[in-house]
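Computed from the coordinates by the stated procedures, all read-outs in this text should not be read as laboratory data. The model shown is predicted, which means the values in this text are computed figures rather than measured ones. FYI the Cβ positions are ideal-geometry reconstructions off the backbone, even for glycines, and counts take in every protein chain you see.
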Amino acid sequence: MWIFSKYGFFSIVKKPYTGEEGNVHIRARLKNDIEKLKEITSLPNEIKTDEYADYPYRIIVGESELSKIMKVLEESIDYSNFKDTVHNLDHSPLGIKRNRAYMNVWAEMARLHQAELLENNGK
C-alpha cells in the first residue's frame, strides 16, 4: 500500500515472518519521512537503514502498531485540499521537489481517469 500524507510518502507491506518483532514493514525513501512518522506515532521501534534497498528506511511493526499508525494518519486529515496543504507545508528545496513528485502522481492518475472515460465512451 502506498500512502501519501502530509508527513511523507510510505510503502507498507507485509513480509514473511523473519523472527523479528512483527512483519509489517513501513518503508520510506526519505529519512525525514520515516523520522516524522516515528515522532507523530511515538513508536519506539528502530529505524532500519539499507542504502541498497528500494526504500532505504523502514520500521518493522506488528498489526496493533500498524493500527495505531493508521489512526494517527487518519487523525492528521485536517484539510479540505491535500495538494494545497502539501504545497504550503515545506518551501525548502526538498519540500518543493516533494510537492512536484506528489503532483506528478496526481497528474498520472488524472490521465488514467481520462483514458478510462475514453475507453468507456467506446462501449
_Which of E74, E108, E65 ends up with the largest GNM mean-square fluctuation for the chain, with Cα atoms connected below 10 Å?_
E108
*Shape call for the stretch 62-123 from the C-alpha gyration tensor, a ≥ b ≥ c root eigenvalues: rounded (a/c under 1.5), prolate (a/b greater than b/c) or oblate?*
oblate
*Which shape class, rounded, prolate or oblate, goes with the chain when its Cα gyration tensor gives a ≥ b ≥ c as root eigenvalues, a/c under 1.5 marks rounded, and past that a/b bigger than b/c marks prolate?*
prolate
*Convert each backbone phi in the stretch 25-35 into a coupling constant with the Karplus relation 6.51 cos²θ - 1.76 cosθ + 1.60 (shift: θ = phi - 60°), then list the ³J(HN,Hα) values in order as whole Hz, x for Gly and Pro.*
9, 9, 10, 9, 8, 10, 4, 4, 4, 5, 5
*Which of H91, H25 comes first, and how do the rest follow, when ranked by fewest Cβ neighbours within 10 Å?*
H91, H25
*asked:* If the only charges are +1 at each Lys and Arg Cβ and -1 at each Asp and Glu Cβ, what is the size of the charge dipole of the stretch 24-123 around the Cα centre, to the nearest 20 debye?
replied: 240 debye
*So which of K6/K31; K71/K97; K31/K71 end up more than 20 Å apart, counting from Cα to Cα?*
K71/K97; K31/K71
*In what order do D33, D84, D90 fall by count of nearby beta-carbon atoms within 10 Å, going from fewest to most?*
D84, D90, D33
_For a quick check of your reading of the filter: which chymotrypsin sites (Phe, Trp or Tyr not before Pro) in the stretch 1-81 sit in a DSSP loop and have no more than 11 other Cβ atoms within 10 Å?_
Y17, Y52
